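Each remark here refers to the structure printed beneath this line.
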Amino acid sequence: MANKEQGGVVQRMDGVEYRLAAPYDFDFLKKYGRVFHVFDDQDSGNICFGLEKEGVRRFVKFAGAPTLRGTGTPAQAVERLKACLPVYQNLRHRCLTPLLEAEEICGGFAMVFPWAPGDCMGRMYPKAHRRFMALPVEARQRVFLDVLDFLQAVNAQGYVAVDFYDGSILYDFESGQTTVCDIDFFRRKPCVNDMGRMWGSSKFQAPEEYRLGAAMDERTNVYTAGAMAFALFANYQRDPGAWQLDERRLAAAFRAISTDPAARQESVGKLREEWEHGAL
């Protein structure tokens with residue numbers, strides 16, 4: 001079911017409304033169950049669905065539909081999603097939601113994951129973001145240590161965390177579980193900036209993610225981790241006056257976001273060491 005609104009169309013499945021640039025038939029989703037949630041406001045060109053069948057919930061990421069905010073054409077979105085399949089097949093971590101299956105279907109490409117309970121830390125979801133940022137500092141520190149552990153695993157498995165930002169993190173307020181849900185643009189090392197302005201949120205991007213031909217490696221991951229620290233403990237500000245933790249951790253975070261990669265910690269592990277045990 002669809003009707004025109006604000007230059008696009010509004011469609012509904014199982015009573016859940018979502019918007020597209022043009023109509024698209026999603027009847028194929030019935031094989032995964034009933035729709036209970038839709039994420040339709042993605043610049044990746046993907047549209048994502050929460051579906052439930054026989055009490056089991058799944059998350060389906062689909063490329064090929066004409067989304068409103070997608071960069072490029074639906075066909076380009078399909079190619080991008082297909083290209084990231086090896087990343088999901090290769091990377092493993094306790095915080096990373098695992099890929100269950102992937103298939104070409106209905107003129108597009110779908111990837112299926114378990115549904116991860118929780119809310120997104122990202123500022124694009126204001127209500128959940130405010131709730132997340134109101135967590136006690138101890139809870140946010142546990143999330144940060146999960147992020148460091150994840151980024152250490154990313155490096156150990158041979159990847160650079162491109163486009164890793166607050167919107168990549170889910171938090172379950174009941175269990176305290178951190179989930180990483182989006183690794184589409186992670187790159188295998190050795191990695192060179194071949195775009196100029198890489199995919200990602202400017203708040204979390206290292207300077208080399210803006211420089212065509214620049215090398216990107218674990219020190220790029222270090223920068224991302226430092227930026228995450230300022231997001232979590234200074235409300236995204238690079239201002240000592242906004243910092244909520246001690247001076248040792250502030251110094252470690254500032255070193256991590258150095259403009260010169262050589263001035264940063266040489267690894268996420270070294271950043272973690274300074275974070276937990278460095279001298280005040």
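The values are calculated or read from the model by the stated rules, or taken from the named source; none is laboratory data. Owing to the predicted nature of the structure, the values given are computational and were not obtained by experimental measurement. Every residue, glycine as well, gets a Cβ built from its backbone with ideal geometry; the counts of neighbours run over all protein chains shown. For accessibility, only protein heavy atoms count, side chains too; no ligands or nucleic acids. Shrake-Rupley method; radii C 1.70, N 1.55, O 1.52, S 1.80 Å.
Numbers at a glance
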| quantity | calculated |
| --- | --- |
| Residues of the range 84-110 satisfying the condition of being at pLDDT below 95 and of a type in the set (Gly, Ala, Ser) | 107 |
| Those residues of the range 161-176 which are farther than 28 Å from residue 78 by Cα and not in a loop (DSSP other than H, G, I, E, B), in sequence order | 171 |
| Test for residue 77: is it without any contact (Cβ under 8 Å) to a residue 40 or more places away in the chain and open to solvent by less than 30 Å² (accessible area, probe 1.4 Å) | yes |
| Residue 225 being more than 14 Å from the chain's Cα centre (by Cα), touching a residue at least 12 places away in the same chain (Cβ under 8 Å) and at negative phi | no |
| Those residues of the range 136-150 which are over 20 Å from residue 219 (Cβ atoms) and buried (at least 18 other Cβ atoms within 10 Å of the Cβ), in sequence order | 140, 141, 143, 146 |
| Inter-residue pairs, beta-carbon under 7 Å, first exposed (fewer than 14 other Cβ atoms within 10 Å of the Cβ) and in the range 99-111, second part of a loop (DSSP other than H, G, I, E, B) and not aliphatic (A, V, I, L, M), 6+ apart | 107/64 |
| Count - residues of the range 177-211 that are among the small types (Gly, Ala, Ser) and either over 11 Å from residue 161 (Cβ atoms) or in a strand (DSSP E or B) (or both) | 3 |
| Filtered residues of the range 227-255 (kept if in a loop (DSSP other than H, G, I, E, B), open to solvent by 40 Å² or more (accessible area, probe 1.4 Å) and either among the hydrophobic types (A, V, I, L, M, F, W, C) or in contact with a helix residue (DSSP H, G or I) (Cβ under 8 Å, 6 or more places away or on another chain) (or both)) | 235, 237, 238, 244 |
| The range 155-187 - residue that is open to solvent by 50 Å² or more (accessible area, probe 1.4 Å) and free of Cβ contacts under 8 Å to residues at least 40 places away in the same chain and, of those, nearest to residue 268 (Cα to Cα) | 156 |
| Top-ranked residue in the range 95-110 [being within 23 Å of residue 150 (Cβ to Cβ) and in a loop (DSSP other than H, G, I, E, B); ranked as farthest from the chain's Cα centre (by Cα)] | 100 |
| Hits in the range 27-48 - residues which are over 15 Å from the mean Cα position of the chain (by Cα) and over 14 Å from residue 74 (Cα atoms) | 27, 28, 29, 30, 31, 32, 33, 34, 35, 36, 37, 38 |
| Residue 265 vs. criteria part of a loop (DSSP other than H, G, I, E, B), over 23 Å from residue 167 (Cα atoms) and of a type outside the set (D, E, K, R) | yes |
| Whichever residue in the range 54-63 is open to solvent by 70 Å² or more (accessible area, probe 1.4 Å) and among the basic types (Lys, Arg) and, among such residues, is nearest to residue 28 (Cα to Cα) | 58 |
| Test for residue 219: is it over 19 Å from residue 142 (Cα atoms), touching a residue at least 12 places away in the same chain (Cβ under 8 Å), assigned to a helix (DSSP H, G or I) and open to solvent by less than 70 Å² (accessible area, probe 1.4 Å) | yes |
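Each row is one residue, and each column tells you yes or no for (1) in a loop (DSSP other than H, G, I, E, B); (2) open to solvent by 30 Å² or more (accessible area, probe 1.4 Å).
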| residue | (1), (2) |
| --- | --- |
| 17 | no, yes |
| 23 | yes, yes |
| 35 | no, no |
| 52 | no, yes |
| 65 | yes, no |
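Each row is one residue, and each column tells you yes or no for (1) in a loop (DSSP other than H, G, I, E, B); (2) of a type outside the set (Phe, Trp, Tyr); (3) in contact with a strand residue (DSSP E or B) (Cβ under 9 Å, 6 or more places away or on another chain); (4) over 20 Å from residue 26 (Cα atoms).
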position: 87; (1), (2), (3), (4): no, yes, yes, yes
position: 93; (1), (2), (3), (4): yes, yes, yes, yes
position: 117; (1), (2), (3), (4): yes, yes, yes, yes
position: 135; (1), (2), (3), (4): yes, yes, yes, yes
position: 139; (1), (2), (3), (4): no, yes, yes, yes
position: 148; (1), (2), (3), (4): no, yes, no, yes
